[in-house]
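Every number here is computed from the coordinates shown, using simple stated rules; none is lab data. Values in this document were obtained by computation on a predicted structure and should not be read as measured data. As a convention, Cβ positions derive from the backbone with ideal geometry for all residues, glycine included, and neighbour counts pool all protein chains shown.
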Amino acid sequence: MALASQKIPSSRSSSRASSGSTDSAGGRFGAGSVIAIAAIGAATLGGVLLIDRGGGDGATTQTSIAAVVESTNDPVPQYAPALVDPIASAADESTAAGAIDVIAYTAATDGAATELSMQTAPELPATPPSGPKGNGFDGTTPVAAPQQAAPADASTPGAKYERGMSLAATDPIAARRLLSDAVLSGMLPAMEATKASEALSAIGRQLVFNPSINANDPCFFTYKVQAGDSLGKIVRQQKVSCDPLFIARINGMKNPNALAAGKRLKLPKGPISAVIWKRDYRLDLVMFQGDERVVLTSMPVGLGSANGTPTGTFQVRPGSKLLDPEWRHPHTGEFFDSKDPKNPIGEHWLGLQGVEESNSALEGYGIHGTIEPESIGRDMSLGCVRLLADDVAIAWEALKDGAEVTIR
């Protein structure tokens, strides 16, 4: 391998005697001396070199150049043949191929001292060790590439959270997919889970609770209103898994009964369920099932005092959804009429029925509103899940009879 002509940068020092200067290996370079440099094998700058000190006795020192070596287009300088042969012989003993390029450098001849910046390297063994060669100079064994750190696993909840947050403003559909996976894994720390749920709610205001239709959104499809249609009829015929009032809400209809033929409506594709997180005091409305689940929106909740809210899988008890329900306090017997502003239940009720052996016998639990908004985010109920008035209205409309509700 041919080595480009190189010039070793030198520096002058008035503090050194003109008879010569000493390198870091202890040698002396006199003015006018010829210094031959033999680069072994693949010859990379800073690699092991053999330096003849110019004394004419063939003595060589194994060194590595620490200084920056400047490239030059000058021809290879003249060298003294007597200095080359000993170097070639020493190199032949150290490499199988013996491929050597020799460059000579002539020190200053004006009597001034020249200092070469070098540092001594370990001695090159006279006899190469047995076994495969891998010193990077013999050209037979490639030098192993430095190992790089393994890339972060993009499938982890943390990675999905980071990616989803970065896409929220530019690609809300992709961001919703990633953030939903991260949140529903249940593995995000509380702070990240809260930020993700806030981002999902913002995306929900854009994609869900907005009459505009995004053709790329897998959660919805469009329906053209026919003459004689009503929202109830559309829900039944299209097998939509929600209350007609939810259709009116996401389409921005002020009057659910005012349907004009030819109007295009946005309808949800999949079943809607709920996941309630006790640690985070949050309810997520979720569409689809399994790995396809996405969060439509999130809302804060209040829970039972003394950890009174049970956990597990439930369903909305068929026939239990009520508007303006009356209620009797189970402990005191106090009765509240449906129109009583002091009714703690508020204006919506969804009864829960356990579907697991551990909770199937539980009764009286449900999701409802509250007249105590300060109880949201706290443990103050008798065990039910409390929501703010606007939020419980959405949950009531979105969750049909039999809808799955998971409390974790």
Quiz item: Over segment 301-408, what relative contact order in percent results from Cα pairs under 8 Å that are six or more residues apart?
Solution: 41
Exercise. Would you please give the residues with an amide H less than 5 Å from that of LYS263, counting only those at least 5 places away or on a separate chain, with H modeled from the backbone geometry?
Key: VAL225
Quiz item: Among PRO373, ILE345, ALA306, which residue has its Cα positioned farthest towards the positive end of the charge dipole of segment 301-408, with +1 placed on the Cβ of Lys and Arg, -1 on the Cβ of Asp and Glu, and the dipole taken about the Cα centre?
Solution: ALA306
Quiz prompt | Karplus-derived HN-Hα couplings along segment 292-305 (A = 6.51, B = -1.76, C = 1.60, θ = phi - 60°), whole Hz, x at Gly and Pro | solution = 8, 5, 9, 8, 7, 6, 10, 8, x, 10, x, 10, x, 5
Quiz item: At a Förster radius of 35 Å, what calculated FRET efficiency corresponds to the Cβ-Cβ distance of ILE371 and ALA154, to the nearest 0.05?
Solution: 0.15
Quiz item: With each pseudo-label sitting 7 Å past Cα toward Cβ, what's the ARG163-GLN237 distance in nm, one decimal?
Solution: 4.1
Quiz item: Which order do peptides 159-169, 268-278 fall in by mean Cβ count within 10 Å, highest first?
Solution: 268-278, 159-169
Exercise. Of the listed pairs LYS160/LYS278; LYS239/LYS321; LYS160/LYS239; LYS233/LYS269; LYS278/LYS339, which have alpha-carbon separations greater than 28 Å here?
Key: LYS160/LYS239; LYS278/LYS339
Quiz prompt | Charge dipole (debye, nearest 20) of segment 301-408; +1 at Cβ of Lys and Arg, -1 at Cβ of Asp and Glu | solution = 120
Quiz item: Can you list residues whose amide H is under 5 Å from PHE221's amide H, if they're 5+ apart or on another chain and H is modeled 1.01 Å from N?
Solution: LEU267, LYS269
Practice problem: Please list 354-363, 201-210 highest first by mean number of surrounding beta-carbon atoms within 10 Å per residue. | Solution: 201-210, 354-363
Quiz prompt | Of GLY354, GLY383, GLY402, farthest towards positive along the dipole that unit charges on Lys, Arg, Asp, Glu beta carbons give segment 301-408 | solution = GLY354
